[in-house]
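S.K.: One structure is given below, represented as structure tokens, and several questions about it will come after.
The values are calculated or read from the model by the stated rules, or taken from the named source; none is laboratory data. As the structure is a computational prediction, the values presented were derived from the model and not from experiment. Ideal geometry is used to build each Cβ from the backbone, glycine not excepted, and the neighbour counts take in all protein chains shown. In case anyone asks, the SASA skips ligands and DNA or RNA and just uses the protein heavy atoms, side chains included. Shrake-Rupley method; radii C 1.70, N 1.55, O 1.52, S 1.80 Å.
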Amino acid sequence: MSIYLLVVTLTTGLGYLYQHVKKEQKKIIFFLLVLVPSIVAGLRTVGTDYFGYMQRYQLVQDGIKIDSIGTNLTVTFYKLMKLNDVLGGSYQTFIFIIAFITIYIAFYLICKLEEYICIPMAIFSYMTMFYLMSFNIFRQVLAAEIFALAIYYFILANKKLFLLFISLSILIHSSVFIYLAVFFAMPLIQMKKFRYIRLWIYAILLAMVFSLPMIPKFGYYIADRFSHYAYYFMHFHYQGIGLGFLRYIILVLLPIICILVSKRRNHKIDKILNVYFFLTIIGTILWMISYVSTTFLYRSAYVGLIVLPSLHGYITKSVKKTYLRIGVTIILVCVLSFFCWYDYIYLNSGEVRNYSCFLYN
């Protein structure tokens, strides 16, 4: 636990420095901001996916095209594994590179909004929600971050970079597919006059999620036609609802409530915020699949939730009154810290409780 607490504290501190140093020093601080958590993530030998992808890494080097559970080892992500080996890297090198790229994109997007958000709060939010998660599902978190980068360039109307990153995110992990509808619904997402339509979308999607166990034929239909994804569309039945059910509901609703109460809006960032709000609400609803299924289908939610740290950074900076801002900050830090402990320590999600470095194995 101590090493995780240390890296979260140190990275948040570097985030504070980044926002308070002179412009010419920002590049150095940003490099350290990315490097510190990347080293800890890159040198570890913990996390469920760590060992699974280690086996696949060896299969790729041996020229195997399909593993024992039917995973296609010729797609882009595994080609990157092969390229890493050709260039003389090891599996541990590959893990470090993936960690570095993921964290770089996450912090790059946060720092791009420096004018509007509190950088250390956004960094703290990312580290407590997604950093340890990436120990377990690093491929999907990477795809989610690249998708967020595609969203950013889409809003900036940079078509070339948008197409590049949206294509890359899809090639890295197929969980991005269901979010492609976002780009066709941008006016509906961004314009105030469509807010009631958005509410209907949330309600319909929520009803669909909790109706999944009542339509088992749907799962079998999908499984028959897409055998590789069969596991994800089977075994729908209602699970018990515990304390964790409130996690993303609170963490998503808090920024919405604070912004509505403060009534402080900056039209320059409205376009980004509206999309981020929409994505996080959709992500929260999809995450609730974990309560109606024993499969990992709910993980698709993280593609939408990945932008949540920027919203936490925004409310910390945008609330007008000092005492209210301090109160919001304290509440947010406490909620994030509690659910980080609850998820990664108490429930031991991702099997990352005891940190282990490959140098000592």
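S.K.: Rounded to the nearest whole Å², what accessible area per residue is found for the chain with the 1.4 Å probe? Don't jump to the answer; show the numbers that get you there.
M.R.: Numbers: 17890 Å² over 361 residues.
Each residue of the chain exposes 50 Å² on average to a 1.4 Å probe.
S.K.: Hey, another quick one. Please find, in a Gaussian network model of the chain (springs between Cα atoms separated by less than 10 Å), the residue of ILE241, ILE39, ILE103 whose mean-square fluctuation is greatest.
M.R.: ILE241
S.K.: Between (1) 20.3, 61; (2) 23.1, 69; (3) 20.7, 75, which matches Rg and Dmax of the Cα atoms in Å calculated for the structure shown?
M.R.: Label of the calculated value: (1).
S.K.: Taking 7 Å along the Cα-to-C-beta vector as the label spot, tell me the LYS27-ALA157 distance in nanometres, rounded to one decimal.
M.R.: 3.0
S.K.: Nearest 500 deg cm²/dmol is fine: what mean residue ellipticity at 222 nm does the chain get from its DSSP H runs of n ≥ 4 alone, each adding -39,500 (n - 2.57), divided by its residue count? Walk me through the numbers on the way to the answer.
M.R.: Working: 18 runs with 238 residues, N = 361.
The helix-only estimate for the chain comes to -21000 deg cm²/dmol at 222 nm.
S.K.: Calculate, for THR294 and HIS20, the FRET efficiency according to 1/(1 + (r/R0)^6) with r their C-beta to C-beta distance and R0 45 Å; round to the nearest 0.05.
M.R.: Values: r = 47 Å, r/R0 = 1.04.
The pair THR294/HIS20 has a calculated efficiency of 0.45.
S.K.: I've got another one for you. Cα centroid distance between the stretch 138-176 and the stretch 82-103, in Å?
M.R.: 20
S.K.: Just order 105-117, 48-60, 14-26 by mean Cβ neighbour count inside 10 Å, highest at the front, would you? Mind dumping the intermediate values first?
M.R.: Working: 105-117: 19.3, 48-60: 16.9, 14-26: 15.2.
Packing proxy ranking, top to bottom: 105-117, 48-60, 14-26.
S.K.: Same structure, new question: About its Cα centre, what dipole magnitude does the stretch 1-346 give when the only charges are +1 on Lys and Arg Cβ and -1 on Asp and Glu Cβ, stated in debye to the nearest 20? It would help to have the intermediate numbers written out before the result.
M.R.: On the way: 30 positive and 11 negative charges, 280 e Å.
Result for the stretch 1-346 is approximately 1340 debye, rounded to the nearest 20.
S.K.: Mind checking which of PRO213, PRO255, PRO37 has the largest fluctuation in a GNM of the chain, springs on alpha carbons under 10 Å?
M.R.: Comparing PRO213, PRO255, PRO37 in a Gaussian network model of the chain, the most mobile one is PRO213.
S.K.: Sticking with this one: At 0.36 nm per residue, minus the direct Cα-Cα distance, what do SER356 and THR76 gain on full extension? Give it in nm, one decimal, please.
M.R.: Values: separation 280, 0.36 × 280 = 100.80 nm, distance 2.87 nm.
Between SER356 and THR76, full extension yields 97.9 nm more.
S.K.: Moving to a separate point now. Enumerate the amide H contacts of CYS357 below 5 Å, restricted to partners 5 or more residues apart or on another chain; note that Pro and chain-start residues carry no placed amide H.
M.R.: THR45
S.K.: When the Karplus curve 6.51 cos²θ - 1.76 cosθ + 1.60 is applied with θ = phi - 60°, which whole-Hz ³J(HN,Hα) does each residue of the stretch 330-344 get, with x for Gly and Pro?
M.R.: 5, 4, 5, 4, 5, 5, 4, 5, 4, 6, 5, 5, 4, 7, 8
S.K.: Right, another one. Note the direction-averaged projected area, equal to a quarter of the hull surface, for the Cα convex hull of the stretch 107-212, in nm². Could you put the intermediate results ahead of the total?
M.R.: Working: hull surface 33.6 nm².
Its average projected convex-hull area is 8.4 nm².
S.K.: Provide the gained length on full extension for the span TYR323 to GLN55, in nm with one decimal, where the gain is 0.36 nm per separating residue minus the Cα-Cα distance.
M.R.: Net length gain for the segment: 91.2 nm.
S.K.: Then there's this: Taking the Cβ-Cβ separation of MET208 and ILE331 as r and a Förster radius of 45 Å, what is the calculated FRET efficiency to the nearest 0.05?
M.R.: Numbers: r = 32 Å, r/R0 = 0.71.
Plugging the Cβ-Cβ distance into 1/(1 + (r/R0)^6) gives 0.90.
S.K.: Highest first, please rank the peptides 283-293, 85-95, 148-158 by the mean number of other Cβ atoms sitting within 10 Å of their residues. Write down the numbers at each step before the final one.
M.R.: Values: 283-293: 21.2, 85-95: 15.0, 148-158: 18.4.
Packing proxy ranking, top to bottom: 283-293, 148-158, 85-95.
S.K.: Next question, about the same structure. I'd like the Karplus ³J(HN,Hα) series for the stretch 86-103: coefficients 6.51, -1.76, 1.60, θ = phi - 60°, whole numbers in Hz, and an x wherever there's a Gly or Pro.
M.R.: Per residue, the Karplus-derived 3J(HN,Hα) values read 4, 7, x, x, 10, 4, 5, 4, 4, 4, 5, 4, 4, 4, 5, 5, 4, 5 Hz.
S.K.: Kindly rank 159-170, 188-199 from highest to lowest mean number of other beta carbons found within 10 Å of each residue.
M.R.: Working: 159-170: 16.5, 188-199: 12.7.
By packing density, highest mean first, the sequence is 159-170, 188-199.
S.K.: Still on this structure, please answer the following. Over the stretch 76-222, what percent of the accessible surface lies on carbon and sulfur atoms, probe 1.4 Å? Intermediate values should be presented prior to the final figure.
M.R.: Numbers: 4920 of 6780 Å².
That share works out to 73 percent.
S.K.: Using θ = phi - 60° and the Karplus form 6.51 cos²θ - 1.76 cosθ + 1.60, what ³J(HN,Hα) does each residue of the stretch 3-11 get, whole Hz, x for Gly and Pro?
M.R.: Computed from phi, the couplings for the stretch 3-11 are 5, 5, 4, 5, 5, 5, 5, 5, 5 Hz.
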